[in-house]
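Participant: Just passing along the structure, written as structure tokens.
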Amino acid sequence: MVAMLELKNVEAFYGPIRALHGISLSVEQGGIVTVLGANGAGKTTTLRAICGMIKTTGSIKFEGREIFGKLTESVARLGIAHVPEGRGTFEKLTTEENLRLGAFTRRDRNAVAEDMDRVYGYFPVLAERREQQAGTLSGGEQQMLAIGRALMLRPRLMLLDEPSFGLAPMIVQEIFRIMRSINENDGVSMLLVEQNAALAMDLADQAFLLETGEVVMSGDTKTMKEDESIRTSYLGY
Amino acid sequence: MEIFLQQVLSGLATGAIYASLALALVMIYQTTELINFAQGEMAMFSTYIAWALINAGMPYWAAFFLTIGISFVGGMAIERIIIRPVEKAPVLALVIVFIGLLVIFNSLAGWLWTYTIKEFPSPFPVGSPGGNTYIGFHQLGMIGVTLLVLLFLYLFFRFAPLGLALRAVAQNPVSSRLVGVRVGWMLALGWGLAAAVGAVAGMMVAPRLFLDPNMMGGVLLYAFAAALLGGTTSPLGAVIGGFTLGVLENLAGTYIPFIGTELKLAFALGIIILVLLVRPQGLLGKKIVARV
Amino acid sequence: MAVDTIEEKLATRHAQSQLEAKLAFYKRIGLIGLIIFAVALPFLVSDFRTFQFTRVLYISIAVLGLNILSGYNGQFSLGHGAFIALGAYVAAIMMDRWGVPYYLTIIPAGLIGFIFGFLIGLPARRLEGLYLALATFGLALATPQILKKFEIITMGVQGIVVDKPEVPFGLPISQDQWLYFFTLMILLVLFWAARNLLRARTGRAFVAIRDHHMAAESMGVNAGFYKPLAFAIGGAYAGVAGALATITIQFVAPDSFGVFLSITLLVGSVIGGIASIGGAIFGGIAIVFIPNVAEEISKAAPWAIYGVILILFMYAMPSGIMGFINMLWRGYVKRLLTRT
Amino acid sequence: MIGKRFLQASAIAAGLTFAAGAAVAAEYGPGASDSEIKIGNTNPYSGPASAYGSIGTVISKYFDKVNAEGGINGRKINFVTLDDSYSPPKTVEQVRKLVEQEKVLFLFQTLGTPPNSAIHKYMNAKKVPQLFVATGATKWGDPANFPWTMGWQPNYQTEAAIYVKWMLDNVDNPKIAILYQNDDYGKDYLQGIHDGLGSKASLIVLEQSYEVTDPTVASQMANLKNSGANVFFNITTPKFAAQAIKIANELGWNPTHFLNNVSTSVGSVLTPAGLEASTGLISTLYTKDATDPAWDNDPGMNEWREFMAKYHPKGNVANGFNIYGYAVAQTLEHVLRQAGDNLTRANIMKEAASITDLRIKTLLPGILINTGPNDFRPIEGMQLRKFNGTTWEAFGPVVSVDTSS
């Protein structure tokens, strides 16, 4: 089976500084893949490289097509929705306007309206906050909004950058539960970057471990969980 | 009392001039947080285009809408061709480019059409309602058109996806890209809109001020002040700012002998600065309280 | 070559600073060379050119004031011409009304510029970016109107004519040469003072406020004092420049100080490199000579050419001439580093 | 003192020139030779006052014509005109360039009161003629103190005095309102009105000023109307004049309306303002107006039209500056022809001060140019005219009011 997303030997640079040293990884159709690693290991950079947000070399294929070197907005138009680090909320717009923006590239009005209802179905709290300025939402609500906005693109692949960051455990649980059902109900593949390895390993079927810009270990999450070193350094038990 | 009424109405009519250009300023400010100092000269140049079209025999309204179209495309072209290379340069470099544009348009207009003032037709009837001496049909029409443009912009930003995308780019270009908004074209769209709104402003004020290359030079500062007073991100604020400024200036010039007509602008600016000291976001600008 | 580890980075930085210390010596030699050139200049060119360069010098002083205010302290001013007008009128009135010799007008002009600048700077503390731009733009626009309004003091639209300074001590040079040296001397003192000021506590406070307002405040930098101080210093430099302008041109009138003077200063400041001391000289050169170049190219529409030159300049050097030179310099240092 | 050394130096230089010149038949100052006469000029070609730049342009074109027709006494005119943006410091720079580097024989038609004020002293110290300056201020006609500077057009104060005199004779119980531009030109007129009124200054009920940067004078006009005045002095440049005339009409205010000469163009002021609204305006004119149908078949104007068509096709015929520039250039041509082969600075000045009854065909009938060693005011006569809806009709004789006393 052809991988939905395939990175081969991807290097990425911040100015003269190389942040990724030839990463290769892949996401299967309908799968959830998590990228683990310490701060500065290159997790966020990997997502940015996929979206053409930084200078890269190597090959990035989405559904068999080379997307390397494309503009960020063109990548989004292919059906890759990026839920960025820090949520990227349009703070001065209302919740609903944020969601409408998610569907900016789509022309199928009726389906957009359906999707809007579906997002409100997943996150009823957003429906309550519909006309509120998004900047005034709580952190958890903004995270939900970010995921909802990504969903509005009707993506085939979602890139999620630390959705648990700075949120209370209860809310994190809730968000991860919804992510699973999005994956199952809507068939959206996911590439998840997480610090909270335990949670991520539970959700994902595949995991890649990054250290200073290199993949040091990969495999399906069940086997990975058994690994001694992973358990002590990332899972903490 | 009669002079008071006269000055207020005349102030509103003048305020419409400031408001219409302030609207154009707000268009570019929304997306780039910059005040385009060349906006007035661009509006003046558009008005010359309309004048040339009308002089070539085109009916008024055809020329009116064609000019808006030309200005829109022209504005976008300026962004794509001239502004784009300095998009990432320091703000002041952009300001210098704006100043460059200002002098280019001014000089070009003088060179092409000379500095002799031109009469520009009004689409509204001559005279005034009921023959009153306070406010004529044209001034009323000008105020009406300003409000129409405002309504159009309100609807556009509120309901059109492109309008929404423009606002999004203004706030968060990175996130905008992630949802597939072509940011570069949105900036160009902002310029196109600004040029189009400016063209309307120019064509509305020219019958009052008479068309010459310096027609909008003096208006720019007022429009700038009006936009800030209203809150630079709010089209409604810009319009209210414009009207307020027009009236304020007239009343100060009339009723405060020391200020007189010589310092009325300085006085009006002083008041605005005082307002901004108390309310830095302007009358209608929104202050956002973000939670982390 | 991509630099990878922190250790390597630190090592290169160390080597770099050592090298720069060595290069500083050459820099100093270069500076002395420039000063010698500046002193020799009036003997190499005609009186008219000398006069033109005198204009460059005093305009450079004003641009430096603007650089301190806008470049180092981040307060954007579109009204710096007002301070020049102030200094110019102080000098003109002292010379014309009270018969004060020209050389005694410089310090009062600077002082009044300083005080006035501080006063303007007080409300400006609460105005950021565009608001400050508007306020100062308004100031620039109101300057000629105010000068006309207070006719009793300023002689209104007629302006004031003053005498051209005589060469002192029987020196065998022309009046234009003497004026040039007089201006050059003041310029050197003011540039030296600016350099020391900006390297000292005050300069660091200016920059800290510009870059991280909140952080600077929390670290005990009193922005409420330093921001008006930057205005005051900018005003003082412009005031001195104004007095020198009066002495050089021998005439002041409200029309000399219109809005475009202020805009031109900003243009010069940005073209020279706004956050630099040396850039002010390039700014002065640009202000005096670009219009002449534009005029050479097209008599019909010199302003259009002027605008095109400005835009092309910003394409080529978005951080100004000094920014461009610094970039070349850093490239050169880097090349030296990789060679060692 | 203005540089004594300078004066001495230039005196010696002048002496040398004289000595060298005596050897041959012709005498030349700097900038003059057997083949060329070099003339300097500054005009605002850039900046907010660029509108005046068309004067410099039309003068250049006129000298193109002169050169194409063989020049003056066999010499081509080299007219060097530089841009000063109407900024006095720039004027000083450009004028020094003209005098010291370009070494022109003299300056001609330098434009604007502030720019000319800035170089006034310099020109007289250098003893370089500052001829026929383009400003109507009074101070240019002062041969005793400034023997190297001469004006050309009637000065603003004279004009104002003419209006005042006529008004006092013809308007019952006058109450005066004034709108003026807040600069040297407006203030000069204002001064003229005050001087003309003398002890009757209390007749002025309201004075309102405007800045050239103001977009509109609507507010001022409302106040002026409200003052209850029955006489209106409209001291404005073309754009504001057209606005003021139009607004007065809209306000239903019909005073005795004096419009200054600067803005009398039928085509570019009165037509935009509305010909009906303009009917009844009173002004003084000294040049013919191309847009006034009265001169449609005038031979003098036809000559001018031919010149415009052939040498300045881009020029706007409705622009009065094109007639002004043409007329003043013809005045200079007369002076240079009169100077013959004696082209020293001193002689140019002497010839400029000895014009007798010169008739320029684009000036109104009856306007003659006269100068003398003590009369540095070439045009002094003006004629009151009233606008009848299509043309300016003369009434009364050519008058001149002497304000020099």
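Participant: Sticking with the crude label model, points 7 Å out along Cα→Cβ, report the distance from C:F324 to C:A300 in nm, one decimal please.
Facilitator: About 2.8 nm separates the two model spin labels.
Participant: Rounded, prolate or oblate: which fits segment B:2-215 when a ≥ b ≥ c are the square roots of the eigenvalues of the alpha-carbon gyration tensor, with rounded for a/c under 1.5 and prolate only if a/b beats b/c?
Facilitator: prolate
Participant: Equivalent ellipsoid semi-axes for segment C:48-259, as square roots of 5 times the alpha carbon gyration tensor eigenvalues: give them largest first, rounded to whole Å.
Facilitator: After diagonalising the Cα gyration tensor, the semi-axes are 31, 21, 13 Å.
Participant: Under a Cβ-Cβ cut-off of 11 Å, what is the net charge of the residues other than A:F165 that fall near it, where Lys and Arg count +1 and Asp and Glu count -1?
Facilitator: Spelling it out: positives minus negatives among the neighbours equals -3.
Participant: Another one. What percent of all Cα-Cα pairs in segment D:150-301 falls in each 10 Å bin, counting up from 0?
Facilitator: 11, 42, 36, 10, 1
Participant: What percentages, rounded to whole numbers, describe P(r) for chain D computed over all alpha carbon pairs with 20 Å bin width beginning at zero?
Facilitator: 27, 56, 16, 1
Participant: Who wins for biggest fluctuation among D:M382, D:M150, D:M308 in a Gaussian network model of chain D, springs between alpha carbons below 10 Å?
Facilitator: Looking only at D:M382, D:M150, D:M308, the largest GNM fluctuation is found for D:M308.
Participant: Then there is this: Report, to one decimal in Å, the Kirkwood hydrodynamic radius for segment B:144-290 based on all distinct Cα pairs.
Facilitator: Across segment B:144-290, the inverse of the average 1/r is 17.1 Å.
Participant: Using a ≥ b ≥ c from the Cα gyration tensor of segment C:30-83 (square roots of the eigenvalues), is it rounded, prolate or oblate, where a/c under 1.5 gives rounded and otherwise the larger of a/b and b/c decides, a/b for prolate?
Facilitator: On the way: a/c = 5.71, a/b = 1.85, b/c = 3.09.
Oblate shape, in that a/c is at least 1.5 and b/c is the bigger or equal ratio.
Participant: Label-point separation (nm) for C:R13 and C:L188, each offset 7 Å from Cα along Cα-to-Cβ?
Facilitator: Result: 3.8 nm between the two label points.
Participant: Ok, one more. I'd like to compare C:183-194, B:173-184, B:19-30: which one has the highest average count of other Cβ atoms within 10 Å, and what's the full order after that? If you can, show how the numbers build up before the last one.
Facilitator: Values: C:183-194: 17.6, B:173-184: 22.6, B:19-30: 28.4.
So the peptides C:183-194, B:173-184, B:19-30, ranked by packing, come out B:19-30, B:173-184, C:183-194.
Participant: Follow-up. Which GluC sites (Glu not before Pro) from segment A:1-58 combine a DSSP loop assignment with at most 16 other Cβ atoms within 10 Å?
Facilitator: Answer in residue order: A:E28.
Participant: Continuing with the same structure: If I take R0 = 25 Å and measure r between the Cβ atoms of B:Y154 and A:Q132 in this structure, what FRET efficiency does the formula 1/(1 + (r/R0)^6) give, to the nearest 0.05?
Facilitator: Taking R0 as 25 Å, the efficiency between B:Y154 and A:Q132 is 0.80.
Participant: Rounded to the nearest 0.05, what FRET efficiency is calculated for C:I152 and D:V171 with R0 set to 30 Å and r the Cβ-Cβ distance?
Facilitator: Calculated transfer efficiency: 0.40.
Participant: So, one more: Starting from the amide H of D:N78, placed 1.01 Å from N in the peptide plane, find each other amide H under 5 Å away whose residue is 5 or more places distant or on another chain.
Facilitator: Sorted by chain and number, the residues that satisfy this are D:I37, D:K38, D:I39.
Participant: Show me the three semi-axes of the equivalent ellipsoid for segment B:1-119, from the C-alpha gyration tensor (sqrt of 5 times each eigenvalue), largest first, rounded to whole Å.
Facilitator: 27, 22, 14
Participant: Name the aspartates and glutamates eligible as straight-distance cross-link partners of A:K92: C-alpha to C-alpha under 14 Å, and not fewer than 8 places from it in the same chain.
Facilitator: Reachable aspartates and glutamates: A:E131.
Participant: Same structure again: Considering every residue in C:317-326, what mean count of other chain Cβ atoms within 10 Å of its Cβ is obtained?
Facilitator: Other-chain Cβ atoms within 10 Å of each residue's Cβ, averaged: 2.
Participant: Turning to a different aspect of this structure: Report the antiparallel proportion of the DSSP beta bridges in the protein assembly as shown as a percent, rounded to a multiple of 5.
Facilitator: For the protein assembly as shown, the DSSP antiparallel bridge percentage is about 45.
Participant: How many Å² of accessible area per residue for segment C:1-95, probe 1.4 Å?
Facilitator: 46
Participant: For chain A, what proportion of DSSP beta bridges, expressed in % and rounded to the nearest 5, is antiparallel?
Facilitator: Roughly 55 percent of the beta bridges in chain A run antiparallel, per DSSP.
Participant: For peptide B:266-278, how many partner chain Cβ atoms fall within 10 Å of a residue's Cβ, on average?
Facilitator: Partner Cβ neighbours, averaged per residue: 4.
Participant: Another question, if that's okay. Using only the Cα atoms of the protein assembly as shown, what do you get for the radius of gyration and for Dmax, in Å?
Facilitator: 35.2, 116
Participant: Also, I was wondering about something else. Using 12 Å as the cut-off for backbone N distance, which residues of segment A:149-180 belong to the label zone defined by a point 7 Å from the Cα of A:R106 along Cα→Cβ?
Facilitator: So the set is A:149-156.
Participant: Using label points projected 7 Å from each Cα along Cα→Cβ, tell me how many nm separate C:R199 and C:L336, to one decimal.
Facilitator: Calculated label separation equals 1.8 nm.
Participant: Loop-only trypsin sites (Lys or Arg not before Pro) in segment D:272-330, please: DSSP not H, G, I, E or B, and at most 13 other Cβ atoms within 10 Å.
Facilitator: Counting only loop positions with at most 13 other Cβ atoms within 10 Å, the trypsin sites (Lys or Arg not before Pro) in segment D:272-330 are D:K314.
Participant: A further question follows. What's the FRET efficiency of C:D96 with B:I3 using the Cβ-Cβ distance as r and R₀ = 45 Å, to the nearest 0.05?
Facilitator: Between C:D96 and B:I3 the formula returns 0.60.
Participant: Starting from the Cα of A:E28, move 7 Å in the Cα-to-Cβ direction to define the label point; list residues of segment A:191-212 whose amide nitrogen is under 18 Å from there.
Facilitator: A:191-192, A:201-209, by backbone N distance to the label point.
Participant: Further question on the same structure: Each residue of segment B:255-265 in order: what ³J(HN,Hα) in whole Hz does its phi give by Karplus 6.51 cos²θ - 1.76 cosθ + 1.60, θ = phi - 60°, with x for Gly and Pro?
Facilitator: 9, 10, x, 5, 5, x, 7, 6, 10, 5, 5
Participant: Order the following by accessible area, largest value first: B:W185, B:W113. Probe radius 1.4 Å; ligands, DNA and RNA are ignored.
Facilitator: Result of the area sort, largest leading: B:W185, B:W113.
Participant: Could you work out which residue, out of B:T47, B:T244, B:T114, moves most in a Gaussian network model of chain B, that is, has the largest mean-square fluctuation with Cα springs under 10 Å?
Facilitator: B:T114
Participant: Once you have the alpha carbon radius of gyration of chain A, what is it after dividing by 2.2 N^0.38 Å, with N set to its residue count? Let's see the in-between values first.
Facilitator: Numbers: Rg = 17.2 Å, N = 237, 2.2 N^0.38 = 17.6 Å.
Dividing the Cα radius of gyration by 2.2 N^0.38 Å gives 0.98.
Participant: Using Stokes-Einstein with the Kirkwood hydrodynamic radius over Cα pairs, what translational diffusion coefficient do you get for segment A:64-123 at 20 °C and a viscosity of 1.002 mPa s, in µm²/s rounded to a whole number?
Facilitator: So the translational diffusion coefficient is about 161 µm²/s.
Participant: Restricting to Cα atoms and excluding each atom paired with itself, what does the Kirkwood estimate give for segment C:189-340 in Å?
Facilitator: 18.1
Participant: Which order do peptides C:230-242, C:30-42 fall in by mean Cβ count within 10 Å, highest first?
Facilitator: Result, highest mean first: C:230-242, C:30-42.
Participant: If the cut-off is a Cα-Cα distance under 28 Å, which lysines reach A:K61, setting aside same-chain residues fewer than 8 apart in sequence?
Facilitator: A:K61 reaches A:K8, A:K43, A:K70, A:K222.
Participant: Given the DSSP H assignment, sum -39500 (n - 2.57) over each helix run of at least 4 residues in the protein assembly as shown and divide by its residue total; what's the result at 222 nm in deg cm²/dmol, nearest 500?
Facilitator: So the calculated ellipticity at 222 nm is -18000 deg cm²/dmol.
Participant: Please report, in debye to the nearest 20, how large the charge dipole of chain B is about its Cα centre when each Lys and Arg carries +1 at its beta carbon and each Asp and Glu carries -1 there.
Facilitator: 1000
The values are calculated or read from the model by the stated rules, or taken from the named source; none is laboratory data. Predicted, not measured: the structure shown is a model, and the values here were computed from it. All Cβ positions, glycine included, derive from the backbone under ideal geometry; neighbour counts span all protein chains shown. Surface areas here come from the heavy atoms of the whole protein model, side chains and all, with no ligands, DNA or RNA. Shrake-Rupley method; radii C 1.70, N 1.55, O 1.52, S 1.80 Å.
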